[in-house]
1. Is the stretch 153-168 home to any residue that is under 19 Å from H4 (Cα atoms), touching a Lys or Arg at 6+ places or on another chain (Cβ under 8 Å), surrounded by fewer than 19 Cβ atoms within 10 Å (Cβ to Cβ) and not small (G, A, S)?
2. Within the stretch 100-108, identify whether any single residue is more than 20 Å from the chain's Cα centre (by Cα), part of a loop (DSSP other than H, G, I, E, B) and either away from ligand 2 (no atom under 16 Å from the Cβ) or at pLDDT 80 or above (or both), and answer yes or no.
3. Taking Q205 as the residue in question, decide whether it is part of a helix (DSSP H, G or I), at negative phi, without any contact (Cβ under 8 Å) to a residue 60 or more places away in the chain and more than 14 Å from ligand 1 (Cβ to nearest atom).
4. Hey, can you tell me all the residues within the stretch 229-261 that are touching a Gly at 6+ places or on another chain (Cβ under 6 Å) and either modelled with pLDDT under 90 or among the acidic types (D, E) (or both)?
5. Among (1) within 15 Å of ligand 1 (Cβ to nearest atom); (2) surrounded by 15 or more Cβ atoms within 10 Å (Cβ to Cβ), there is one condition D148 misses while meeting the rest; what is its number?
6. Would you please list the contacts, defined by Cβ atoms under 6 Å and residues six or more apart or on different chains, that run from a residue in the stretch 117-140 that is within 15 Å of N89 (Cβ to Cβ) and surrounded by 13 or more Cβ atoms within 10 Å (Cβ to Cβ) to a residue that is at pLDDT below 90 and hydroxyl-bearing (S, T, Y)?
7. Find the residue count for the stretch 25-69, including only residues that are more than 15 Å from ligand 2 (Cβ to nearest atom) and among the hydrophobic types (A, V, I, L, M, F, W, C).
Amino acid sequence: MSRHIAFYELRDALAQPGCSLCRLEARVAERYLDFLLWERVNDPDLRQNLRRARGFCREHAWMLVRPGASLSIAVMLHDVLQDVLQSLNGAVIQPTQETRRPLERLRTTIAPAPPPAVADIVAALEPQGEQICPACAQCRVMEEVYLDVLLDSLPEAGGLLEAYQSSDGLCLPHFRRAVQRVRTQRVLDVLLHAQRTVWERLSHQLGEVIRKNDYRFHDEPWGEEADAWLRVIEALVGAAPTQLEVPGRARGEDGYERTGR
Ligand SMILES: [Zn+2]
Ligand SMILES: [Zn+2]
C-alpha cells in the first residue's frame, strides 16, 4: 500500500470512534482473510505457515466464519489438525528418556514430577519455530506502515495532528508501539502532547461519570461523558473483538446462503 493511501485511510479512521489503528487493523485482517479464503487455500507456503503456527489465533480464526467459507476453512484447518495429531503421536511414541538422578526420584515421592513425555507433548502442541497466525503477521506489517505515516505526518502542516487530538487517540498497546517507532525528539514531543490531550479529556469525563453517580448530583443531565466508562476499556486494551453471529452447526452446512463461491 502506498503511503498516500495509508494517510487518507488514517485520516478517515481518526474521524471515527475508538482507536484508529485497531479499526484499520480489523480491516486489514478482514481483507487478508477474504484473500486467503478465496485465493490462497491451496498455497503450499501458507499451508506450511498455518501448520507451524497451529492455525490462526483465536480472534482471526473466528473472523474466518463468513458466507460460503466452510470448505476453505475445512481444508485449511483439517491440514492443521492432521499435523497436530501427527506431532502428538510422535511425542507420545518417543518420550524423552528418564534422566532424573536418584535424589530427584526421591523428591518425587513427596511431590511427583509429571511423566517424562509431558514436556515433549507440550512442545509438540505449541506453534513451531515461533510461527505466528498469518493474519496477525499481516496486521503487524501494516501496523508499521500506518504508524510510520502517522508519526511522519504529526509535525507537518496539513498533517494528522488536529485529527489525532480530537479523536479517541491510540489505545495503550498501539500507543506503546507508536512510541517505539519514534525516531526524532520533535515527533516524540508532538505525539506525547497529542496523546496526553486525549487521555486527560477521557480522565476528566470519567471523573464526571463518577461524580454524577453521586446522589447529590443525580439530577444533572448526562453529556458526552455518558459512555466514557466504555471508551476507557478500549483506551486501555484496544477495540472489542469483531462480533460474530456463528451460523448453525448442522452437519455439512455453513449456515449461509452460498454466494457463488
Ligand atoms: Zn488500538
Ligand atoms: Zn491472528
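1. Restricting attention to the stretch 153-168, the residues satisfying the condition of being under 19 Å from H4 (Cα atoms) are 153-164.
Then keep just the ones that are touching a Lys or Arg at 6+ places or on another chain (Cβ under 8 Å); that gives 155, 160, 163.
So of that shortlist, the ones also surrounded by fewer than 19 Cβ atoms within 10 Å (Cβ to Cβ) come out as 155, 163.
Applying the additional criterion that residues be not small (G, A, S) yields 155.
So far as the stretch 153-168 goes, yes, one or more of its residues are under 19 Å from H4 (Cα atoms), touching a Lys or Arg at 6+ places or on another chain (Cβ under 8 Å), surrounded by fewer than 19 Cβ atoms within 10 Å (Cβ to Cβ) and not small (G, A, S).
2. Within the stretch 100-108, the first condition is being more than 20 Å from the chain's Cα centre (by Cα), and the residues that meet it are 100-108.
Subset that is part of a loop (DSSP other than H, G, I, E, B): 100-101.
Subsequent filtering for residues that are either away from ligand 2 (no atom under 16 Å from the Cβ) or at pLDDT 80 or above (or both) retains 100-101.
So far as the stretch 100-108 goes, yes, one or more of its residues are more than 20 Å from the chain's Cα centre (by Cα), part of a loop (DSSP other than H, G, I, E, B) and either away from ligand 2 (no atom under 16 Å from the Cβ) or at pLDDT 80 or above (or both).
3. Numbers: part of a helix (DSSP H, G or I): yes; at negative phi: yes; without any contact (Cβ under 8 Å) to a residue 60 or more places away in the chain: yes; more than 14 Å from ligand 1 (Cβ to nearest atom): yes.
Spelling it out, Q205 is indeed part of a helix (DSSP H, G or I), at negative phi, without any contact (Cβ under 8 Å) to a residue 60 or more places away in the chain and more than 14 Å from ligand 1 (Cβ to nearest atom).
4. E234, P247, G248, G255, R258, T259, R261
5. In the conditions (1) within 15 Å of ligand 1 (Cβ to nearest atom); (2) surrounded by 15 or more Cβ atoms within 10 Å (Cβ to Cβ), D148 misses (1) alone.
6. Pairs that qualify, where the first residue is within 15 Å of N89 (Cβ to Cβ) and surrounded by 13 or more Cβ atoms within 10 Å (Cβ to Cβ) and the partner is at pLDDT below 90 and hydroxyl-bearing (S, T, Y), are D120/T96.
7. 3
Listed here are the residues, each with its yes/no results for (1) without any contact (Cβ under 8 Å) to a residue 24 or more places away in the chain; (2) in a helix (DSSP H, G or I); (3) not charged (D, E, K, R).
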| residue | (1), (2), (3) |
| --- | --- |
| Y8 | yes, yes, yes |
| R31 | yes, yes, no |
| R47 | no, yes, no |
| F56 | no, no, yes |
| H60 | no, yes, yes |
| R66 | no, no, no |
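The values are calculated or read from the model by the stated rules, or taken from the named source; none is laboratory data. Here the structure is a predicted model, which means the values were calculated and not measured. Ideal geometry is used to build each Cβ from the backbone, glycine not excepted, and the neighbour counts take in all protein chains shown.
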